[in-house]
Amino acid sequence: SGILGQISNKKFPESFQFGAATAAYQIEGAWNEDGKGESMWDRFVHEDPTRIKDGQNGDVACDSYHKWREDIELLKELGVTLYRFSISWPRILPDGTPSQINQAGIDYYRTFIKALKEAGIEPMVTLYHWDLPQHLAELGGWLNEEIADYFGDYARIAFRSFGEDVKLWATINEPKTTCMNGYGSGEMAPGLKLLADGVYQCAKVQLLAHAKAYHIYHDEFAAQQGGKISIVIDATYNEPASDSDLDKFGAELETEFNLGWYANPVYIGDWPELMKTRIANRSQLEGYSFSRLAEFTPEEVQYVKGTFDYFALNMYTSLVAHYSGDFGIGEPSYYLDKGTSTSYGADWTPSIASWLYSYPPGMRKLLNLVWTKYNPSSIYVTENGWATDTSLNDQGRIDYLQAYLSNLLEAILEDGVNVAGYTTWSLLDNFEWAQGYTQRFGIISVDFDSPNRTRTFKDSGRWYQKVVATRCLTDSCDG
Ligand code: GBH
C-alpha cells in the first residue's frame with residue numbers, strides 16, 4: 001500500500017548473510033581502561049559536554065568491553081552469521097603510532113574474534129569508525145596527509161594480529177560523515193568548521209589512508225589470509241524534485257557531491273568531473289589561483305583507483321533534490337559548490353532523527369545505481385536502520401526494516417544485483433554521537449540507567465530473528 005508497496009513473498013538466497021553492526025566508541029565504554037589511549041571523541045565529549053544533546057558520552061556506553069560475551073549470546077539468539085564491529089585504534093595503539101602496542105587491546109579483540117567464530121559468526125571488521133587517537137588529531141588529524149601513513153602502520157598491525165580469523169575488512173566508515181560533520185559543520189569530533197576547504201582536504205587524506213591500507217593488505221597479507229577489503233560509503237538515493245532537466249541535474253549533482261565524492265576515486269578514478277569543474281570555477285570567481293578541491297596527482301589517482309574487493313554501502317534515507325542555481329560570490333562553501341537544496345518527499349515517513357525518513361524504493365534504486373555505475377562484484381549493505389525513542393514496542397522500526405529489506409531482495413532477485421550480506425544498524429541501542437542517548441537505533445535495547453546495562457529484545461529484534469530463521473519477510477514465503 002502507498003509507497004511501501006507489496007512486501008516481497010520470496011525467500012532470501014541461502015548464500016545471503018544476515019547480520020548486525022556496531023562501532024567501538026558507540027558500545028565499548030572502558031574509555032581509559034587496560035592501557036587504552038585517548039581518542040578525539042573522548043576529548044570532544046569531555047572538553048565540552050554541551051556538544052552532546054544530553055550531555056552524555058561514551059565512557060561506559062553499552063559496556064561491551066566487559067559484556068562482550070553477552071553480546072555474542074545475543075547474536076547467537078538472533079541467529080545471524082555476520083557481525084560488523086570496529087576496532088578502537090587507540091585501544092591497540094594508545095597514541096596512534098606503532099611505537100607502543102597495547103597488548104591488552106590486541107588480546108581483547110583476539111579473544112572476541114575467536115569467540116565469535118566459535119559461535120559460527122563471521123567477523124566483519126571496520127578499522128576506523130571515527131575514534132582517531134587524540135595524538136594524531138593534534139598532528140592535524142584528517143587534514144594532514146601523514147595520517148595516511150599512520151593509518152597504514154595501524155592497519156598492518158591489525159592485519160598481522162587478526163587477519164588469520166578476519167576475512168572481511170572495512171578500512172574507514174563513512175568518510176563523508178567525518179569530513180562533513182567533523183571538519184565542516186563541527187557537530188562531531190574534532191569540531192572544526194572548514195566548509196570551504198577542510199572538507200575537501202579531509203576527503204583526500206581519508207581516501208589516501210584507505211588506499212594505503214588496501215595496498216598493504218594486498219601486498220603483504222591477502223595471498224596468505226585470503227580476505228576482502230573495502231571502504232564503507234554512505235549514500236542517499238536522490239529523487240529529482242520535478243521532471244525538469246534542472247532538477248534532474250540537481251539530483252545528479254547531489255549524488256556526485258556525496259556518493260561520487262568518495263566512490264568515484266575508488267571505483268572509477270579521481271574526483272567526479274562535475275566536482276572538479278564546479279569547484280575550480282567557483283574558486284576562480286572567489287579569487288583563488290587554485291581549486292579549493294584538493295587535487296590528486298596522476299600517481300595518486302592510480303594509487304586510489306581500484307582499491308576495493310566489494311562495495312560496502314550504508315543506506316538509511318533518500319532525499320528530494322532541487323537545483324538551486326549557480327550563485328554569485330558568497331562565502332566559499334561546499335554547499336554553494338554543490339548548488340542544490342534538498343528536502344523529503346511529502347509522503348515519506350519521518351523518524352525521530354531529523355535526517356532520516358523512510359522511502360523504501362530508494363534502497364532498490366540506490367543498489368541498482370551502485371551496481372551499474374561502480375561495477376563491484378558484490379555489495380554488502382553494512383548499515384541500515386531506524387531511530388526511535390526507548391520503547392520496546394517499535395513497530396515503526398519493523399515497518400521500515402521490512403520494506404527496505406523487501407526492496408533489497410527485489411534488487412537481488414529481479415534486478416540481478418549481487419547483494420551478499422546485510423548488517424542492520426544496530427545490534428544494540430548505543431551512543432548516538434552528537435545525539436547522545438536520545439535517539440535509539442538498536443533492535444535490542446540497553447538500559448543506560450542500570451550499571452548492568454541490561455539488554456532486552458525489542459519487538460524488532462524478535463521480528464528480525466524470525467526473518468533470519470525463515471529467510472522470509474512475511475508470514476509465509478513461496479518455495
Ligand atoms: C551512521 O551514519 C553511522 O555510521 C553510525 O555510527 C550511526 O550511529 C548511524 O549512522 C545512525 O546515525 O545531524 O543533520 O547533520 C549515518 C549517516 C551522516 C546520518 C551524518 C546523520 C548527520 C545529520 N549519518 N548525519 S545532521
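The values are calculated or read from the model by the stated rules, or taken from the named source; none is laboratory data. Keep in mind that what you see is a predicted model, and the values were worked out from it rather than measured. Neighbour counts are summed over all protein chains in view; Cβ atoms, including those assigned to glycine, are modelled from backbone coordinates with ideal geometry. Each accessible area value is taken on the protein alone, full model and side chains, heavy atoms only, with ligands, DNA and RNA left out. Shrake-Rupley method; radii C 1.70, N 1.55, O 1.52, S 1.80 Å.
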Subject >> Rounded percent of accessible protein surface that carbon and sulfur make up, the stretch 335-455, 1.4 Å probe >> reply: 46
**OP:** Determine one quarter of the surface area of the Cα convex hull of the stretch 341-441, which equals its mean projected area, and express it in nm² to one decimal.
**Re:** 7.6
Subject >> R0 of 25 Å, Cβ-Cβ distance A469-R110: FRET efficiency to nearest 0.05 >> reply: 0.25
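Averaging over every viewing direction, what projected area does the convex hull of the Cα atoms of the stretch 1-50 cover, in nm²?
8.1
Calculate, for the stretch 1-145, the solvent-accessible area per residue in square angstrom, rolling a 1.4 angstrom probe over the heavy atoms of the protein chains.
That works out to 38 Å² per residue.
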Original post:
Regarding the stretch 268-364, what are the three Cα extents along the principal axes, ordered largest first, in Å?
Top reply: 46, 41, 19
Subject >> Relative contact order (%) - criterion: Cα under 8 Å, at least six apart; region: the stretch 330-435 >> reply: 30
Original post:
So what's the gap between the Cα centers of the stretch 1-60 and the stretch 253-270, to the nearest angstrom?
Top reply: 25
Subject >> Relative contact order [Cα under 8 Å, 6+ residues apart], the chain, whole percent >> reply: 19
**OP:** With a bin width of 5 angstrom, please list the P(r) values of the stretch 134-272 as percents of all Cα-Cα pairs, from the 0 bin to the one holding the largest distance.
**Re:** 2, 10, 16, 19, 17, 15, 10, 6, 3, 2, 0
Original post:
So, by mean Cβ neighbours within 10 angstrom, what's the order for 257-266, 5-14 with the highest one leading?
Top reply: 257-266, 5-14
**OP:** Residues in the stretch 293-328, backbone N under 15 Å from the label point at H215 (7 Å along the Cα-to-beta-carbon vector): list them, ranges by number please.
**Re:** 296-308
Original post:
Where q = 0.14, 0.25, 0.27 Å⁻¹, what log10 of I(q)/I(0) comes from the Debye formula for the stretch 176-239, counting one point per Cα?
Top reply: -0.55, -0.97, -1.04
Subject >> Mean separation of Cα contacts under 8 Å, 6 or more apart, over the residue count of the stretch 344-389: relative contact order % >> reply: 43
**OP:** Could you do me a favour and compute the accessible area per residue for the stretch 153-271, 1.4 Å probe, result in Å²?
**Re:** 30
Subject >> Cα-based radius of gyration of the stretch 44-174 once divided by 2.2 N^0.38 Å, which approximates compact folds >> reply: 1.12
**OP:** Over the stretch 58-153, with every protein chain in place, what whole percent of the accessible area is carbon and sulfur at 1.4 Å, could you tell me?
**Re:** 48
Original post:
In bins 5 Å wide, starting from 0, what share of all Cα pairs of the stretch 196-350 does each bin hold, as a percent?
Top reply: 2, 9, 16, 18, 17, 15, 11, 6, 4, 2, 0, 0
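How long are the three semi-axes of the equivalent ellipsoid of the stretch 317-386, in whole Å, if each is the root of 5 times an eigenvalue of the C-alpha gyration tensor, listed from largest down? Walk me through the numbers before you get to the answer.
Values: eigenvalues 141, 72, 26 Å².
After scaling each eigenvalue by five and taking roots: 27, 19, 11 Å.
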Original post:
How much accessible area per residue does the stretch 386-456 have, in Å², with a 1.4 Å probe?
Top reply: 30
Subject >> Debye log10 I(q)/I(0) for the stretch 244-321, one point scatterer per Cα, at q = 0.14, 0.16, 0.27 Å⁻¹ >> reply: -0.57, -0.72, -1.22
Original post:
Under a no-solvent Debye model with one identical scatterer per Cα of the stretch 113-207, what's log10 I(q)/I(0) at q = 0.14, 0.18 Å⁻¹?
Top reply: -0.56, -0.81
Original post:
List the cysteines of the chain that have no other Cys Cβ closer than 4.7 Å: which are they?
Top reply: C62
**OP:** Pull out a ≥ b ≥ c, the square roots of the eigenvalues of the alpha-carbon gyration tensor of the stretch 132-184, then state rounded if a/c is under 1.5, prolate if not and a/b is larger than b/c, and oblate in the remaining case.
**Re:** oblate
Original post:
Rounded to a whole number, what % of the accessible area of the stretch 165-309 do carbon and sulfur atoms account for, probe 1.4 Å?
Top reply: 51
**OP:** Can you tell me the order of 21-34, 405-418 when each peptide is scored by its average per-residue count of other Cβ atoms within 10 angstrom, highest first?
**Re:** 21-34, 405-418
Original post:
For the stretch 151-184 and the stretch 381-439, what is the separation of their Cα centres, given in Å?
Top reply: 22
Original post:
Using 7 Å Cα-to-Cβ label points, what is the S324/S15 separation (nm, one decimal)?
Top reply: 4.4
**OP:** Using only the alpha carbons, work out the radius of gyration and Dmax of the chain in angstrom.
**Re:** 21.3, 65
Original post:
At 37 °C and 0.692 mPa s, what whole-number value in µm²/s does Stokes-Einstein give for the translational diffusion of the stretch 98-166, with Rh from the Kirkwood sum over Cα pairs?
Top reply: 244
Subject >> Computed E for W355/Q6 - FRET, C-beta separation, R0 41 angstrom, nearest 0.05 >> reply: 0.90
